[in-house]
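In what follows, a single structure is set out as C-alpha cells and then discussed.
The values are calculated or read from the model by the stated rules, or taken from the named source; none is laboratory data. All values reported here derive from a predicted model rather than from experimental measurement. Cβ placement follows ideal geometry from the backbone for every residue including glycine, while neighbour counts extend to all protein chains displayed.
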Amino acid sequence: MATRTGAWAAVAAAAVVAVLSAALALYGSPLDAVLKRAFSLHNAHSVKGMEDALQLVRNIVPPLTAKKHKGQDGRVGVVGGCREYTGAPYFAAISALKVGADLSHVFCTQEAAPVIKAYSPELIVHPVLDSPDAVHDVGKWLPRLHALVVGPGLGRDDVLLSNVKDILEASKARGIPIVIDADGLWLIAQQPALIQGYQKAVLTPNHVEFSRLSEAVLGDPLDGQDRRGAVLRLSQALGNVTVVQKGERDVISDGKQDAHAGTHTLCQPWSLQQSVPMSGPAGKSEVTLGGPSSTRAPPPQCWECSQEGSGRRCGGQGDLLSGSLGVLVHWALQAGPERTDGFSPLLVAAFGACTLTRQCSHQAFQKHGRSTTTTDMIAEVGPAFSRLFET
Ligand SMILES: NC(=O)C1=CN([C@@H]2O[C@H](COP(=O)(O)OP(=O)(O)OC[C@H]3O[C@@H](n4cnc5c(N)ncnc54)[C@H](O)[C@@H]3O)[C@@H](O)[C@H]2O)[C@@H](O)CC1
Ligand SMILES: Nc1ncnc2c1ncn2[C@@H]1O[C@H](COP(=O)(O)OP(=O)(O)OP(=O)(O)O)[C@@H](O)[C@H]1O
Ligand SMILES: [Mg+2]
C-alpha cells in the first residue's frame, strides 16, 4: 500500500516537474521558486532514502558493553606499506581503530615497519611482506583477523605483488572479507581471476583505478557519462563483487537485482531520481537507490553517496575510506541480513564508509580550510561517526 502511494507520489511529482519545466520554457525565470518547491518533493524522497540508509548503518554498529572482550569489535589487517609509501597503510589502519576496531595490524615491508610504528604506538606492525616466508608469516595471523584491507601503500614491486596474490588466495580460502584498494587494485587489473566471484570482496577504485580495471576486465574505455552503468557492468563481470567507485558522488553496487524492488521506499526507478542536495543535521547529503525503470525484472542495486565533503583532494582520503570499510564490513556481516533489512551487508558497509569519509572531510575543512590534510580528517572520525551513526 505504502509502495503504491509512493509510486503515485513519484509519478505525480514527475508530471508536476514536466509541466513546470514546459511553463518555465514559456515564461522564464519567475517560475524558478515554484520549480524549487516542486523539486522539494524529490527532496523528500532523498531525505527519506538517506535517513533509511543511515539507519541501516546504525543497525550494524555493535553496542559498547561491559560484557565484551578485546578483539570482539574487530581485528583488522592492512596489507601495504613499502619504502615509498608509509602514510597510506598508517591512514587505513588508524582509521579502522578510530571507527571502533579493537586491534589493527599492518603487514608491510621490513623497511617501512619502523616508520609506521613510529607514527603510532596503537598499531601492530609486522615487517614481513618482503620476507621469503611472507605468505606463511601473514598466513599465521589470518585465523585471528576479521577483515583484510589490501593495497594502501603496497607499491607495485613484482615480488610483493606475488606474495599478496598468495595472501589473497589464503584469505579467500578462510572466507575473510577483503577490501581491495590502491595498488591491490593494480594487482586485480593484472589478474582479475584473483577476485572473480568472491562475495566477500569490496573494491574501492578512484577514477584512474576504475578506468584501469574497466579496461582490463571489460576491454571498455570508461564511459564517464554513465557512471552507474559502468559500475554495474564491472561488478557483474567480476561475478558480483561489490564495487565502490569514488568521486564527486560515490557509486556503489554489487550488480545484483534489488530484493526490495517495488516494495521498499529506498528503491526508486532511476528515471524518477533527482539530484538535489538537502540540508540535514549532519550537513548536506543525499542517497539514491534503484535501477533502470524500463526493465521488467527487478533492477540491479546501485547506491550513490553524495554526503557533503569538501573541495580538498589531498592524498590519503581514500585510505581513510578503505580502513573504515574494513571494520564496517566485519560489523555488517556479523550483524546479518535482518539488521540490514535484507539489503546486502557489504552495500550497507560501503555506504557507511563513504558517508563517514565525506563527513570527516567536511568537518575538517570547516576548521582548517585549504590546509586540511588527511591527519585532520582522522581527528574528525570520532565526532563524525557519532553525528552520523550514534544519534
Ligand atoms: N601518504 C601516502 O603514503 C599515500 C600513498 N598513497 C599510495 O600511493 C600509491 C599510488 O596511488 P595513486 O592513487 O596515486 O594511484 P596511481 O599511481 O594509479 O596514480 C593515479 C594518478 O592519477 C591522478 N588522478 C587521481 N584522480 C584523478 C582523476 N579523477 N582524474 C585524473 N587523474 C586523477 C593522481 O593524481 C595520480 O597521479 C598507492 O599505494 C596509494 O595507496 C595514496 O594513498 C596517497 C597517500
Ligand atoms: N570530486 C569529489 N568531490 C567530493 N568528494 C570526492 C571527490 N572525489 C573524491 N571524493 C571523496 O574523497 C574520498 C577519497 O576519494 P579519492 O578519489 O580521492 O580516493 P583516492 O584517490 O584513492 O585517495 P588516496 O589519496 O587515499 O589514494 C572519497 O570519500 C570520495 O567520496
Ligand atoms: Mg587510493
- Quick one: in the range 83-119, which of the residues that are assigned to a loop (DSSP other than H, G, I, E, B) and among the charged types (D, E, K, R) is farthest from the chain's Cα centre (by Cα)? Glu111
- Those residues of the range 351-361 which are in contact with a helix residue (DSSP H, G or I) (Cβ under 8 Å, 6 or more places away or on another chain) and within 11 Å of ligand 2 (Cβ to nearest atom) amount to Ala353, Cys354, Thr355, Leu356, Thr357, Gln359, Cys360, Ser361
- Task: Count, please, the residues in the range 177-202 that happen to be touching a Phe, Trp or Tyr at 6+ places or on another chain (Cβ under 9 Å) and closer than 18 Å to Ser253 by Cα.
- Result: 2
- Task: For Gln190, work out the one condition from (1) under 24 Å from Gly100 (Cα atoms); (2) over 20 Å from the mean Cα position of the chain (by Cα) it doesn't fulfil.
- Result: (1)
- Note on the range 169-183: residues away from ligand 2 (no atom under 16 Å from the Cβ) and either surrounded by fewer than 23 Cβ atoms within 10 Å (Cβ to Cβ) or within 20 Å of the chain's Cα centre (by Cα) (or both) are Glu169, Ala170, Lys172, Ala173, Arg174, Gly175, Ile176, Pro177, Ile178
- Query: Take the residues of the range 120-133 that are hydrophobic (A, V, I, L, M, F, W, C) and not in a strand (DSSP E or B): which is surrounded by the most Cβ atoms within 10 Å (Cβ to Cβ)?
  - Reply: Leu129
- Being farther than 23 Å from Leu154 by Cβ, away from ligand 1 (no atom under 16 Å from the Cβ) and among the basic types (Lys, Arg) narrows Arg339, Arg312 down to just Arg339
- Query: So is Pro114 over 29 Å from Ala193 (Cα atoms) and in contact (Cβ under 8 Å) with a residue 40 or more places away in the chain or not?
  - Reply: no
- Conditions (1) assigned to a loop (DSSP other than H, G, I, E, B); (2) surrounded by fewer than 20 Cβ atoms within 10 Å (Cβ to Cβ); (3) at pLDDT below 95: number failed by Gly239: (3)
- Does any residue in the range 300-323 that is within 15 Å of Thr204 (Cα to Cα) come within less than 9 Å, Cβ to Cβ, of a residue that is part of a loop (DSSP other than H, G, I, E, B) and within 6 Å of ligand 2 (Cβ to nearest atom) six or more places away or on a different chain, and which pairs are these? Gln317/Lys246; Gln317/Gly309; Gly318/Asn206; Gly318/Lys246; Leu321/Lys246
- Take Gly151 and decide whether it is under 18 Å from Glu111 (Cα atoms), within 16 Å of ligand 3 (Cβ to nearest atom), in contact with a Cys (Cβ under 7 Å, 6 or more places away or on another chain) and of a type in the set (Gly, Ala, Ser). no
- Message: Among the residues of the range 207-231, what is the count of those that are touching a residue at least 40 places away in the same chain (Cβ under 8 Å) and buried (at least 17 other Cβ atoms within 10 Å of the Cβ)?
- Response: 2
- Sole residue being under 22 Å from Gln236 (Cα atoms), within 14 Å of the chain's Cα centre (by Cα) and within 9 Å of ligand 2 (Cβ to nearest atom), chosen from Ser344, Ser322: Ser322
- Those residues of the range 179-226 that are more than 11 Å from ligand 1 (Cβ to nearest atom) and in contact with a His (Cβ under 9 Å, 6 or more places away or on another chain) come to a total of 0
- Message: Can you tell me which of (1) away from ligand 3 (no atom under 16 Å from the Cβ); (2) surrounded by fewer than 22 Cβ atoms within 10 Å (Cβ to Cβ); (3) small (Gly, Ala, Ser) is the one Gly87 doesn't meet?
- Response: (1)
- Query: In the range 103-110, is there at least one residue being crowded, with 22+ Cβ neighbours inside 10 Å and among the polar types (S, T, N, Q)?
  - Reply: yes
